[in-house]
1. Please go through segment 100-123 and give me each residue that is under 17 Å from the mean Cα position of the chain (by Cα) and over 15 Å from Leu73 (Cα atoms), ordered by number.
2. Among the hydrophobic types (A, V, I, L, M, F, W, C), open to solvent by less than 100 Å² (accessible area, probe 1.4 Å) and without any contact (Cβ under 8 Å) to a residue 40 or more places away in the chain - does that describe any residue in segment 109-117?
Amino acid sequence: RRGSTRPAKSIMENAASLWPDPPAWWKEEPGEPPPLPEGDITVFGVSRGVGAPPLPDLDDQRYDAAAAPHDSLRALGRSLRLAFTALLRALASEPSAEAVDRQLGEVRVLVTNVQHCLNSLRPHRAREDLLLLLRAQLQRKQRALAAVR
């Protein structure tokens with residue numbers, strides 16, 4: 001403005017005055033997270049457990065736990081494709097409930113075996129992810145150190 005001796009407020013100062021201050025708890029240091037609930041919780045009227053859902057029992061193990069997991073998964077995948085093809089043939093040629101149930105049971109057993117075999121790889125995958133994270137942190141710190149020098 002012409003003739004005004006008062007300095008003009010910046011846009012950010014005007015914007016900050018329009019919003020209230022954050023609550024007091026926002027400025028506090030974060031503490032321990034609340035403990036996880038135990039037992040069942042109700043969400044939208046549906047009761048659910050808080051833990052991971054249990055895997056189905058492995059009544060009929062179709063893979064060798066001592067073998068390399070990728071070999072076991074490859075063999076299970078091959079068996080699953082064959083079982084699924086047999087299920088489709090049973091549905092197309094003889095749609096009797098007994099034949100279809102037998103083939104469907106075979107597919108279920110194989111899928112459960114694949115689940116168990118994949119879960120055996122989880123600790124290995126967690127270690128690999130941790131190594132990648134630590135390597136990335138190391139590289140970032142080395143770059144920051146080189147920039148300071």
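1. Result: Pro123, single match.
2. yes
Rundown of residues vs (1) farther than 30 Å from Leu104 by Cα; (2) at pLDDT below 85; (3) open to solvent by 90 Å² or more (accessible area, probe 1.4 Å), yes/no style:
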| residue | (1), (2), (3) |
| --- | --- |
| Glu32 | yes, yes, yes |
| Gly39 | yes, yes, no |
| Val46 | no, yes, no |
| Asp57 | no, yes, yes |
| Asp60 | no, yes, no |
| Ala67 | no, yes, no |
| Ser79 | no, no, no |
| Ala83 | no, no, no |
| Leu87 | no, no, no |
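The values are calculated or read from the model by the stated rules, or taken from the named source; none is laboratory data. None of the values given here were measured: they were computed from a predicted structure. Ideal geometry is used to build each Cβ from the backbone, glycine not excepted, and the neighbour counts take in all protein chains shown. Just so you know, the surface numbers come from the protein's heavy atoms only, side chains and all, with ligands and any DNA or RNA stripped out. Shrake-Rupley method; radii C 1.70, N 1.55, O 1.52, S 1.80 Å.
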